[in-house]
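Worksheet: one structure, shown below.
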Amino acid sequence: MDFDQFGDTEEQKLTKIKKLTGANLHRNWVRIPHVTQWDEVDVTDLEALRKKLNAAEAEKDSGIKFTLLVFVMKAVAAALQQLPQMNSSLSSDEKNIVLKKYINIGIAVDTPNGLVVPVVRDVHEKDCIALTQDLRELSGKARDGKLTKNDMTGGTYTLSSLGGLGGTQFTPIINAPDVGILGLSRADKKPVWNGEAFEPRLMLPLSLSYDHRVIDGAEGVRFLNALREALNAVREELQA
Ligand code: CAO
């Protein structure tokens, strides 16, 4: 189509990363039967604790600053242990699933050249401080264009957080060979009925996409319920 017939235009090359991820995203979108399920979880108490913990870390000058994403990583690892089929891959003949006993979470990172997904390894074995350090190191390398192939392979599940930027819900595209991906949007204060009155609560929107060849709708709901409980457990552990 000749767009110039309607006005001035300018052509820009897609970055190398956009060309590569574009081809993968297209293949995954077309080949995987996606279902996206939206939910939200009350993070009022967790956010209050995060602020308290960050104030204590600032006082110690430790350089540690927790974000909600790290707490969610920890809770996702616990939910994956409860529903291991979400931490699997479909075999190439599509007759079996390969259940992985390790939990390596890919984190979508926005960089000036496009989207990259470095992998945080053995998330189930790390505490929130170690996960914060890993995330800082990998997102720094991503933004400086210094990720190695090893930093970007071996993931078993993916998290995509747009919470620092905005939005309410979205449709994350599964990062094959994973069978699930969780998107986070911006937590917002909402009126929630407590049985007697509406109460302002901080609600974190969750967007879970899964491969319907491997995960049924009921399993998707169970996964999000497990995640909700695991987030409470993370808060209790941090409080102790
Ligand atoms: N709700 C409300 N606030 C949130 C939030 C949420 N869900 N998630 C993060 N925030 C806040 C953080 O707490 C922080 O605020 P404070 O300074 O007050 O603590 C601020 O937003 C910035 O957070 P951050 O983005 O630096 O840190 P993070 O750990 O949440 O995320 C990273 C790290 C690397 C995932 C993120 O920087 C990033 O690149 N996100 C984009 C990913 C992306 O593009 N996904 C789309 C893929 S599909 O195209």
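Computed quantities for the displayed model
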quantity: Global form of the stretch 57-138, assessed from the alpha-carbon gyration tensor, a/c cut-off 1.5; calculated: oblate
quantity: Sites Q169 and N194 - FRET efficiency at Förster radius 25 Å, r taken between beta-carbons, to 0.05; calculated: 0.55
quantity: Highest to lowest packing among 167-179, 141-153, scored as the average C-beta count within 10 Å; calculated: 167-179, 141-153
quantity: Only Lys, Arg (+1) and Asp, Glu (-1) charged, at Cβ; the chain dipole about Cα centre in debye; calculated: 560 debye
quantity: Stretch gain in nm, segment R222-E237, where the contour uses 0.36 nm per residue and the Cα spacing is subtracted; calculated: 3.2 nm
quantity: Spatially proximal lysines relative to K18 (Cα-Cα < 24 Å; intrachain offsets below 8 disregarded); calculated: K141, K146, K149
quantity: Burial ranking of peptide ranges 211-219, 226-234 (average Cβ count within 10 Å, highest at the top); calculated: 226-234, 211-219
quantity: Cα centroid separation, the stretch 184-240 to the stretch 111-166 (Å); calculated: 22 Å
quantity: Kyte-Doolittle mean at least 1.0 and Cα axial length at least 15 Å: DSSP H helices in the chain; calculated: 68-82
quantity: Centre separation in Å (Cα based) which lies between the stretch 89-107 and the stretch 43-74; calculated: 32 Å
quantity: Cα gyration tensor shape of the stretch 113-175, rounded if a/c is under 1.5, else prolate or oblate by comparing a/b with b/c; calculated: rounded
quantity: Protection proxy ranking, peptides 46-59, 121-134, average beta carbon neighbours within 10 Å, highest first; calculated: 121-134, 46-59
quantity: The stretch 21-127, relative contact order [Cα under 8 Å, separation at least 6], %; calculated: 17 percent
quantity: Distance histogram for the stretch 172-240 (every C-alpha pair counted, 5 angstrom bins, percent rounded to whole numbers); calculated: 3, 13, 16, 19, 20, 14, 8, 4, 1, 0
quantity: Cα-based shape type of the chain, given that a ≥ b ≥ c are square roots of the gyration tensor eigenvalues and the cut on a/c is 1.5; calculated: rounded
quantity: Length gained when the stretch E125-K51 is fully extended (0.36 nm per residue, less Cα-Cα span); calculated: 24.2 nm
quantity: In nm, spacing of pseudo-spin labels at M152 and V30 (7 Å Cα→C-beta vector); calculated: 2.1 nm
quantity: Whole-percent carbon and sulfur share, accessible surface of the stretch 36-239, 1.4 Å; calculated: 51 percent
quantity: Accessible solvent surface per residue of the stretch 36-239, calculated while the other protein chains remain in place, 1.4 angstrom probe, Å²; calculated: 50 Å²
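The values are calculated or read from the model by the stated rules, or taken from the named source; none is laboratory data. No experiment lies behind these values; they were computed from the predicted model shown. Cβ: placed from backbone, ideal geometry, glycine included. Neighbour counts: every protein chain shown. The area values use the complete protein model at the heavy-atom level, side chains included, leaving out ligands, DNA and RNA. Shrake-Rupley method; radii C 1.70, N 1.55, O 1.52, S 1.80 Å.
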